[in-house]
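A.B. asks: The structure's right below; bear with me while I get my questions together.
Read-outs: derived from the displayed coordinates by stated rules, not from any lab. Note that the structure is predicted; figures quoted are calculated from it, not measured. Here the Cβ is made from the backbone with ideal geometry for all residues, glycine too, and neighbour counts use every protein chain on show.
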Amino acid sequence: MPAQQPLDDVLRRVQGEYIEMPGLRLTTAQAQRLWGLDRAACDALLGALVDAKFLSRTRDGAFMRSDQARATRTDELNLPGRSVHFLPHEP
């Protein structure tokens, strides 16, 4: 059974990665692997961060930090639920 982590923790981690590495560009598949998220959770989180103007989507489908980015709280995002399911790490 995949682990669960509060959405606030995941959001802080995702935003922290993008803030610490300003040129970071990730596809959905890369983001899923980096943060261990299932596809639905990853799509919802990235989509909500695009809607909040923290991330923007490139023509090739990658996600990168928006020029107008500011840290966002979960209560400012349109996301279902309060926890995120993580995929188990493979040995």
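A.B. asks: Each residue of segment 31-43 in order: what ³J(HN,Hα) in whole Hz does its phi give by Karplus 6.51 cos²θ - 1.76 cosθ + 1.60, θ = phi - 60°, with x for Gly and Pro?
C.D. replies: Each residue of segment 31-43 in turn: 5, 4, 5, 4, 9, x, 9, 6, 4, 5, 5, 5, 4 Hz.
A.B. asks: In nm, what is the difference between 0.36 nm times the number of residues separating LYS53 and ARG13 and their Cα-Cα distance?
C.D. replies: Numbers: separation 40, 0.36 × 40 = 14.40 nm, distance 1.70 nm.
Separation in residues times 0.36 nm, less the Cα-Cα distance, equals 12.7 nm.
A.B. asks: Most exposed first by the Cβ proxy, i.e. fewest other Cβ within 10 Å, how do MET64, MET21 rank? Walk me through the numbers on the way to the answer.
C.D. replies: Values: MET64 16, MET21 11.
Listed from fewest to most nearby Cβ atoms, that is MET21, MET64.
A.B. asks: If amide hydrogens are placed 1.01 Å from N in the peptide plane, which non-local residues have theirs closer than 5 Å to the one on LEU55?
C.D. replies: VAL50, SER66
A.B. asks: Kindly give Rg over Rh for segment 4-67, based on alpha-carbon atoms, with the Kirkwood expression for the hydrodynamic radius.
C.D. replies: On the way: Rg = 10.7 Å, Rh = 11.6 Å.
Result: Rg/Rh = 0.92.
A.B. asks: Now for a different question. Give the relative contact order (percent, whole number) for segment 4-67; include only Cα pairs under 8 Å separated by 6+ residues.
C.D. replies: Values: 53 pairs, mean separation 21.4, N = 64.
The normalised contact order for segment 4-67 reaches 33 percent.
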